[in-house]
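Any read-out appearing in this document is the output of simple, stated calculations on the displayed coordinates, not a laboratory observation. In this text, all values refer to a predicted model and were calculated from it rather than measured experimentally. For neighbour counting, all protein chains shown are included, and Cβ atoms are generated from backbone atoms with ideal geometry for every residue, glycine included.
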């Protein structure tokens, strides 16, 4: 069956199904739009209602929050007040307890302080008494020490003065002797030839030996006679012969090894015990005195010191031999000891001591000579000024002033 129909007005043909479908769609569309509009309006009303309800809720919530905050604040203030009250009561109670405890402690401390002050006063008083007693004892002790010190100083001063006087006298005597020897040496050393200078040294050596060893016999070997220059026969304080020392004096610019053998020959011919070469020039291998090939060698300034040591050794050997007579083994032992290096080292050690002592004496002698020269100049100055003053008065007063022979150039009667 055909579903085409024609419009009576415009005579247009169209399908009936399409018309019916369009009408249905239009009707449905109107219904839907009406429902949609109604739904939208309902939704808007509900939205407004919800907004109003939400606003009311927010306002109610805010109001309730404000009320809650107020209640919380009131509760907080109440709790703070209660807490403050509790703290105040607790602090007040604790403060009172502490105050009571502190007061009790202060009272106890005051009592202890009072006792301590009393003890301190007692200790101070005791210390004061001890100090006074100690001061008194110190004064007494100082007084005794001063008295004892004064006594010791007086004794020491007197002893030192006596010792100094003796030493000065001894030094004066030694210096006088040394001056004489030095003057003699200077006088003899000024001779022109080397032989004469050597002879002068021999003479001075003899004089020094005689002065230093008054018990011994010092003799010179004559010119042209084979032998040493000087012979020293040792005598002890009892006058007993104890041995012989011979000396060869040399004053040249160089040392000759032949002197040693020559003096050893002289020693055997004279039957001397010890031989010494006194020389100005030492061997090349010797700077100081010592023994070489059985002969002692030294400089002139060491001669007396070395002679003194060797002399004492000979005297001791003589005493030992006298006490051990008829005992050849002992004599052999003594001879071996005298010719040994040990004896030589001992002699050298003693000579070192004598040399130091001699240097000290020479130093003191030079100092004393300097002092004496200064005093001589002072005396000469005083005498010169006195002479000038005497001459001035003599010129003014003439014969009215008596003559002073010492100042006039004459000798006093």
(request) Could you work out how far apart the two model spin labels at residue 104 and residue 148 are, taking each label as a point 7 Å from the Cα in the direction of the beta carbon, and quote it in nm? (result) 6.3 nm
(request) Just grab the label-to-label distance for residue 220 and residue 387, each label 7 Å out from Cα along the Cβ direction, in nm (one decimal). (result) 4.0 nm
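Please give the length that would be gained between residue 93 and residue 301 if that part of the chain were fully extended, namely 0.36 nm times their separation in residues minus their C-alpha to C-alpha distance (nm, one decimal). The partial results should precede the final answer.
Values: separation 208, 0.36 × 208 = 74.88 nm, distance 11.08 nm.
The residue 93-residue 301 span can extend by a further 63.8 nm.
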(request) Measure out, as a whole number of angstrom, how far apart the alpha-carbon centroids of the stretch 27-81 and the stretch 223-275 sit. (result) 156 Å
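Under 1.5 on a/c is rounded, so check that first for the stretch 50-160, then, if it is not, pick prolate when a/b is larger than b/c and oblate when it is not; a ≥ b ≥ c are the square roots of the alpha carbon gyration tensor eigenvalues.
Working: a/c = 22.88, a/b = 4.19, b/c = 5.46.
Oblate is the answer for the stretch 50-160, as a/c is 1.5 or above yet b/c matches or exceeds a/b.
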(request) Give me the distance in nm between label points sitting 7 Å out from Cα along the Cα-to-Cβ direction at residue 127 and residue 44, one decimal. (result) 11.1 nm
